[in-house]
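Inspection log for the structure reproduced underneath, given as structure tokens.
No value in this document is a laboratory result; all are computed from the given coordinates. On a predicted model such as this, the values are computed, not experimentally measured, just so you know. Using ideal geometry, Cβ is built from the backbone for each residue, glycine included, and neighbour counts are taken over all protein chains shown.
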Amino acid sequence: MNTDRHTPTAASRLALRWAIAAVLLLALLIGGALAANRVLFSPEHMVTDLQKHLAAGEGAQALGLMNATVPKGDAVALDSEALAHTQDGISDFTADDSQVDPNDENLRIVTAHYKADGVDQESKYTLRHTGKTWLFFDTWAFVPSTLPTVRVKANTVNEVTVNEQQIPLKAGVSTLPVFYPSVIDASFSTKNFAADTRGVVVTGPSEDPVRIALKTQPTKAFIKSINTKVKKYLDDCTKQQVLMPSGCPFAYNTTARVDSSTINWSIDKYPRIDVSYYNGDWVLSPLDVTASVNLVEQDLRTGAKDKKKVTDKFSFTAQLTTSTTDVSVVPVTGGEQVAR
């Protein structure tokens, strides 16, 4: 009889325990869902997820996530290795807690902090709340935007290297749509011309392109080639046993009779080669050469012979025709070009 009286009470206690456990489990599930919503389904998480796609070179996924428009230009930096290289200089990327846009409570602004080549930078992203899934989880979408662009300009060459990728130039210019953040480095190196690397950091959208203007410099090989051609031209001039070598910058005037077999020209000091870029062309500064002539003069009245050596400085110019791999030098003396 005692057992029958206590059975309902035990069952009630067991049911109560199960009910409490169920409530606690439900509370834990709801708490876990809310925590997951704050962490995994937050605007900040979408920003860090976007950055992971960029670092992995996953341009299609990043573009779809951003819902961004790609402006006109060479899209090479928007995918694969070229994209990944734009992220090589980005480190320590973190996203702050989102802030409500004061003009629209459905918008959140996320500020991301990072280092770009070791320098502190930040970018801002705007996302819109688009609803919920499974009652608890918020859904967000990046507000549509247009990607920024980088405009690379260089003279003399038809292509440059941008983040280890060859980029063709049209009329010396190329425009590249890029994601942000990104570090864009540009340079080029050819046989005759080169430009040191110049880099820019792109931190957000902009109506105007970020500009990289590469400064072209002649290479040592270019200067050496010009110097070799100028020296050969002058050396050929010294082979003419005349007082005024044809097509040459130096000459000697005298009223005395001179036996041509005694005439010997030599170069004492060759010109210094100085090249600069002017009005769309590479130009050579005026050239100064010091030359000597050895000869025997005969006085027309007395017939006396005088062995002489005369040294003087002469000037001339030369026109350059250049490409990335070759250069021609056309001396100009007395206003006339000398074919060489």
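Quick notes
- Rounded to whole Å, sorted largest first: equivalent-ellipsoid semi-axes of region 84-197, Cα gyration tensor: 39, 16, 11
- Region 213-340, relative contact order in percent, only Cα pairs under 8 angstrom and at least six apart counted: 21
- The charge dipole of the chain, taken about its Cα centre with unit charges on the Cβ atoms of Lys, Arg (+1), Asp and Glu (-1) only, comes to about 1060 debye.
- In plain terms, the chain from HIS113 to ASP97 could stretch by 4.6 nm, reckoned as 0.36 nm per residue minus the Cα-Cα distance.
- Sorted largest first, extent of region 220-337 alpha carbons per principal axis (Å): 59, 24, 17
- For trypsin sites (Lys or Arg not before Pro), the sites in region 59-147 that DSSP calls loop and that have at most 15 other Cβ atoms within 10 Å are LYS72.
- Dividing the helix sum by the residues of the chain, where each DSSP H run of 4 or more adds -39500 (n - 2.57), gives a mean residue ellipticity at 222 nm of -8500 deg cm²/dmol.
- Between 0 and 90°, nearest 10: helix 2-39 axis offset from the chain longest Cα axis: 20
- Remark: relative contact order (the chain) = 11 percent; criterion is Cα-Cα distance under 8 angstrom and separation of 6 or more residues.
- Members of LYS170/LYS269; LYS115/LYS153; LYS229/LYS309; LYS153/LYS220 lying beyond 32 Å, as alpha-carbon distances in this model show: LYS170/LYS269
- Amide H contacts under 5 Å for PHE188, placed H, 5+ residues apart: THR161, ALA195
- Extension gain, GLU164-SER80: 0.36 nm per intervening residue step, less the Cα-Cα distance, totals 29.0 nm.
- Taking amide hydrogens as placed 1.01 Å from N in the peptide plane, the amide H of SER98 sits under 5 Å from those of GLU44, each at least 5 positions away in sequence or on another chain.
- Computed over the chain, the convex hull of the alpha-carbon atoms projects to a mean area of 28.4 nm².
- P(r) for region 206-272, from all Cα pairs and a bin width of 5 Å, is 3, 12, 18, 14, 11, 9, 6, 6, 5, 4, 4, 3, 2, 1, 1, 0 %, short bins first.
- 3J(HN,Hα) couplings calculated from phi for region 274-280 with the Karplus curve 6.51 cos²θ - 1.76 cosθ + 1.60 (θ = phi - 60°) are, in sequence order, 10, 10, 9, 9, 9, 6, x Hz; Gly and Pro show x.
- Distance (nanometres) between label positions extended 7 Å along Cα→Cβ at LYS153 and VAL283: 2.0
- Longest DSSP-loop-exposure-free segment, GluC sites (Glu not before Pro), the chain, at most 16 other Cβ within 10 Å: 1-163
- For region 173-188, the Karplus equation 6.51 cos²θ - 1.76 cosθ + 1.60, evaluated at θ = phi - 60°, returns couplings of 9, 9, 10, 10, x, 9, 7, 9, x, 7, 10, 10, 10, 10, 6, 7 Hz by residue, with Gly and Pro reported as x.
- Value of D in µm² per second that Stokes-Einstein yields for region 17-218, Kirkwood Rh from Cα pairs, at 4 °C (1.567 mPa s): 69
- Helix 43-55 axis, angle to the chain major axis (alpha carbon atoms, nearest 10°): 40
- In this structure, the amide hydrogen of GLN240, modeled 1.01 Å from its nitrogen in the peptide plane, lies closer than 5 angstrom to no residue at least 5 positions away or on a different chain.
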